[in-house]
1. May I ask you to compute the full-extension gain from T83 to K30, defined as 0.36 nm times their residue separation minus their alpha-carbon distance, rounded to one decimal in nm?
2. Among C73, V100, V33, pick out the residue whose Cα is farthest towards the positive end of the charge dipole of the chain, where Lys and Arg carry +1 and Asp and Glu carry -1 on C-beta, about the Cα centre.
3. What longest range of the chain stays clear of loop-exposed trypsin sites (Lys or Arg not before Pro) (DSSP non-H/G/I/E/B, at most 15 other C-beta within 10 angstrom)?
4. Pulled fully out, how much extra length does the chain show between D22 and T69, if you take 0.36 nm times their separation in residues and subtract their Cα-Cα distance?
5. How big is the chain in terms of Cα radius of gyration and Dmax, in angstroms?
6. Distance from the Cα centre of the stretch 24-47 to that of the stretch 75-99, in angstrom?
7. Along the Cα→Cβ direction, 7 angstrom out, place labels at K94 and T37. What is the inter-label distance in nm?
8. Express the carbon and sulfur contribution to the solvent-accessible surface of the stretch 21-97 as a percent, rounded to the nearest whole number, probe 1.4 angstrom.
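The values are calculated or read from the model by the stated rules, or taken from the named source; none is laboratory data. Quick caveat: nothing in here was measured; it's all calculated off a predicted structure. All Cβ positions, glycine included, derive from the backbone under ideal geometry; neighbour counts span all protein chains shown. For accessibility, only protein heavy atoms count, side chains too; no ligands or nucleic acids. Shrake-Rupley method; radii C 1.70, N 1.55, O 1.52, S 1.80 Å.
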Amino acid sequence: MQLDLAKESEISDFVTVCKEVDLPAGAIRKVEVQGQTIVLYNVGGKLYATQQECLHRQGPLDEGELQGTVITCPWHGWQYDVTTGENLGNRARKLKTYAVRNAGGEVQVAL
């Protein structure tokens, strides 16, 4: 049987960052993953992840307000769609996003 290295690589890229119970629906959580600060969002049971800093003045998005799929930076009100990372005022400006999944009750992020 031949091992599919591409699939094996995809699996090993995911890192466990917290338990599912630590990120209930509507929650935001900041985590450190291999030296990077990432924000996790639970939007109605679907998980998303973006960089932690707002593109405007590096405001802390984990301290922002999540309404539906929109996170609002607490410093100056810049808004982003957490599903795509797009800035709502200028869709050409995007946060870095990360693949995230729930694996057996553990939230995992791929870098």
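1. Extending this stretch completely gives an extra 17.4 nm.
2. With unit charges placed on the Cβ atoms, the residue in question is C73.
3. Within the chain, the longest run free of exposed trypsin sites (Lys or Arg not before Pro) spans 1-56.
4. Value of the extension gain: 15.0 nm.
5. Rg and Dmax of the chain, Cα atoms, are 14.7, 56 Å.
6. Taking the Cα centre of each part, the stretch 24-47 and the stretch 75-99 sit 15 Å apart.
7. Result: 2.3 nm between the two label points.
8. 42
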